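Everything on this sheet refers to the single structure shown next.
Nothing in this text is a laboratory measurement; each read-out follows from the coordinates by a stated rule. As the structure is a computational prediction, the values presented were derived from the model and not from experiment. All Cβ positions, even for glycine, are placed from backbone atoms using ideal geometry, and neighbour counts span all protein chains on display.
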Amino acid sequence: MSTHQPAPLTTARSDAAVGGGAPDTRQLRMILIAVSVALMAIIASVSGLNVAQTHLAVDFGAAQTTVLWIINSYTLTLAALLLPLGALGDRLGRKPMLVAGLVVFGVASVAAGLAPNAEIMLAARMLSGVSAAMIMPITLAVITSTFPEHERGKAIGVWTGIAGGGGILGMFLSALLVDVASWRWLFVLPVTLVVVALAMALTSVPNSREHSGQSFDLLGALTSSVAVVGLIYVLHEGPERGWSDPVTVISLLVGLAALVTFVTWELRRRDAALLDVRLFRERGLAGGSLTLLVVFGVQAGIAVVLFPFFQAVLGWSGLLSTLAMMPMAVLMMMTSALAPRLATRIGPRSTMALGIALGGLGLTLMALVVSVDGGYLSVLPGMLAMGVGMGFAMTPSTEAITSSLPAAKQGVASALNDITREFGTALGVAMLGALVSAGYRSSIDDKLHGVPVATASTARAGIATALDAAKEASFHNPQVVHAAQQAFVDGWRQAMLVGVAVMAAMFLVVLARGPERRPARATEATETIAG
């Protein structure tokens, strides 16, 4: 293990309590509710518009690429600005950054809900991404800099559960609103959550900031943003454009060049760096980051293959398909809250390993038991095991990351945690989605004998196009439908087995290099300023 340690933590007071004392139990509860509501607004907005793609295209007369940019601009902007805005929050004050972010996010959400055309919608979503990057790292930084150490794990567990399962809950509510009202009502939920979070933040959340004699690392901020945008764009567009497409290759090269520049520059700045990359030698930061990358990648990839299974194979509606995901999300949120107690008993490394093992078991069940005839019950046991496993793995991983950086850098630590999640999500969608598609194409060829060439060619493109083509081929309809459904399940099994291999490798890594128990530390806090 490296001998490099985080910078010493400073001792200070909190302004959460009258007279400058530490926040009491009631105040801590109010702080946790405030940041959780703010986080829920951000998470719900990530996946909300996915259920309204066709409605956006029709209402705005927009091409599918434009609609995808409206959706992806939010996540790309959010991911690109997490690290620099998290660092600015440390310097300028976490409460002012949170309040400003909530105000801007609310305004941007209202503008998106009232947008008359695709251009204004795109601008509003990008502004939402900027403000979300102001809010998201601060929500976790407030927890880690305010809660005493014996309460911090529980609070992080709640935060982690919302971050992990909140997206599915937000998608369900979004699908419900689209079905019963209009896509424009999707923005009522985040605006309502923002108003509640803002009112609570103004009255309950204490302010804290870093007092640094060093100038802000502007080059580090710029290069980190370029690296994140370039690499995540590759993961988003590679499966669609092709991995050898010039745009994909250029984005990859730009992203890698920016990443190398960022690491080189941060090593030169050392203690004045935006992110001290030397800390990745520590078990906590490296192990926690890698675990979150894999866990969120697998979770996102599972969602990508589950929705086509529910809709195309089982014939369910979008709303019912989203509801079918809720058991996994609920278990994930519950076990995220229970994970700190388990980590106290058996240690964070063992808790993370148990979570990864259960996640791997869930993938194995999905690969071996799934079938067209078995329907929902053939995937439910695997989903439940996945939910429990992901919850146990995420909370100690998040705490390992935040505890590896000093209290004055908690905005940066939180942003790193969030960026890891975004990369994992993009990587999982790209990898597992591509594996399902490849498995589908290789499997369906042997199942289309006697089907007209035009129909067979359309069916090879994917299960959705296959089912559409089957409607036009009345004589061969049962054969095409059955072939597409069976081929999708074959591709599913291939993707799940690769996921099992990844989880098995991660299990061994955590056992060997997972975070160890940390000794009790002296009272820690950041330099605090009046609200």
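Checking the cross-link filter: which aspartates and glutamates have an alpha carbon closer than 14 Å to that of Lys95, excluding same-chain neighbours under 8 positions apart?
List returned: Asp15, Glu210, Glu527.
What does the chain give for Rg and for Dmax, in Å, if only its C-alpha atoms count?
Values for the chain (Cα only, Rg and Dmax): 23.2, 82 Å.
When only C-alpha pairs under 8 Å and at least 6 residues apart count, what is the relative contact order of the range 51-197, in percent?
32 percent
Within the range 253-296, name every residue whose backbone N is under 15 Å away from a label modeled 7 Å from Cα of Trp243 along the Cβ vector.
253
What length, rounded to one decimal in nm, is gained on full extension from Ala272 through to Leu176, with 0.36 nm per residue of separation minus their alpha-carbon distance?
29.8 nm is the gain from fully extending Ala272 to Leu176.
Just want to confirm a number: the relative contact order over the range 182-267, from Cα pairs under 8 angstrom separated by 6+ residues, in percent.
Here the relative contact order equals 30 percent.
What is the spin-label model distance, in nm, from His211 to Ala257 if the labels are put 7 Å beyond Cα along the C-beta direction?
Modelled inter-label distance: 4.3 nm.
Please report the base-10 log of the normalised intensity I(q)/I(0) for the range 170-270, using a Debye sum with one equal scatterer per alpha carbon and no solvent, at each q in 0.10, 0.20, 0.22 (1/Å).
Values returned for q = 0.10, 0.20, 0.22 Å⁻¹ are -0.61, -0.90, -0.95.
Report the relative contact order of the chain, percent, no decimals, based on alpha-carbon pairs under 8 angstrom and at least 6 residues apart.
23 percent
FRET efficiency for Arg441 and Met334, Cβ-Cβ distance as r, R0 = 41 Å, nearest 0.05?
0.60
Want the number for His150 to Thr25: 0.36 nm per residue separation, take away the alpha-carbon distance, what's left?
Stretched fully, the His150-Thr25 segment lengthens by 43.8 nm.
Among all the aspartates and glutamates, which ones have a C-alpha under 19 Å from Lys154's C-alpha, if same-chain residues fewer than 8 places away are not counted?
Asp24, Glu399, Asp418, Glu516, Glu524
Sticking with the crude label model, points 7 Å out along Cα→Cβ, report the distance from Ala63 to His482 in nm, one decimal please.
About 4.1 nm, to one decimal.
Using a simple charge model, +1 on the beta-carbon of Lys and Arg, -1 on the beta-carbon of Asp and Glu, nothing else, what dipole does the range 257-329 show about its Cα centre, in debye to the nearest 20?
Charge dipole, the range 257-329, about its Cα centre: 260 debye, nearest 20.
Would you calculate the separation in nanometres between label points at Tyr376 and Ile33, each defined as 7 Å from the Cα along the Cα-to-beta-carbon direction?
3.3 nm
Roughly speaking, what is the stretch gain from Val110 to Thr264, that is 0.36 nm per residue apart minus the C-alpha to C-alpha distance, in nm to one decimal?
51.3 nm
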